[in-house]
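Single-structure report; data block below.
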Amino acid sequence: MTDLDTQFEQAGEDAQNLPEKPDNDTLLELYSLYKQATVGDVSGEKPGFFDFVGAAKYEAWESLRGVDSGDAKQRYVDLVNRLKG
């Protein structure tokens, strides 16, 4: 396991215990970076029009299409560290 992998795992744990709940845009950014880092590019069909949360998550993840897993992990770690203060 690389140092970045260790940092990423720790950031995942830290994200569950942030001092304040992030706003919705930040939550979407956390979600999309985590999915891009762990799964890769978005796949499957976009949720329907009335699934607002699912569609927002899909679009946020889709916006990261082509971002390397390592880059997504680093961006996730950096974001969590900023949120921790």
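FYI, it's all coordinate maths here, none of it is from the lab. These figures come from a predicted structure and were not determined experimentally. Neighbour counts are summed over all protein chains in view; Cβ atoms, including those assigned to glycine, are modelled from backbone coordinates with ideal geometry.
Scanning the chain for GluC sites (Glu not before Pro) that sit in a DSSP loop and have at most 14 other Cβ atoms within 10 Å, the longest stretch containing none of them is 46-85. Think of each Lys and Arg Cβ as +1 and each Asp and Glu Cβ as -1; about the Cα centre, that makes the dipole of the chain roughly 100 debye. In this rough spin-label picture, where each label sits 7 Å from Cα along the Cβ direction, the N24-V39 distance is 2.0 nm. For region 21-85, the relative contact order is 42 percent, taking Cα pairs closer than 8 Å that sit 6 or more residues apart in sequence and dividing their mean separation by the residue count.
Ignoring the sites themselves, the chain has its longest run without chymotrypsin sites (Phe, Trp or Tyr not before Pro) in a DSSP loop having at most 15 other Cβ atoms within 10 Å at 1-48. Helical content of the chain, expressed as a calculated mean residue ellipticity at 222 nm, amounts to -21000 deg cm²/dmol (DSSP H runs of 4 or more residues, -39,500 (n - 2.57) each, divided by residue number, nearest 500).
Here is the list for the chain: trypsin sites (Lys or Arg not before Pro) lying in DSSP coil, each with at most 11 other C-beta atoms within 10 angstrom of its C-beta, are R65.
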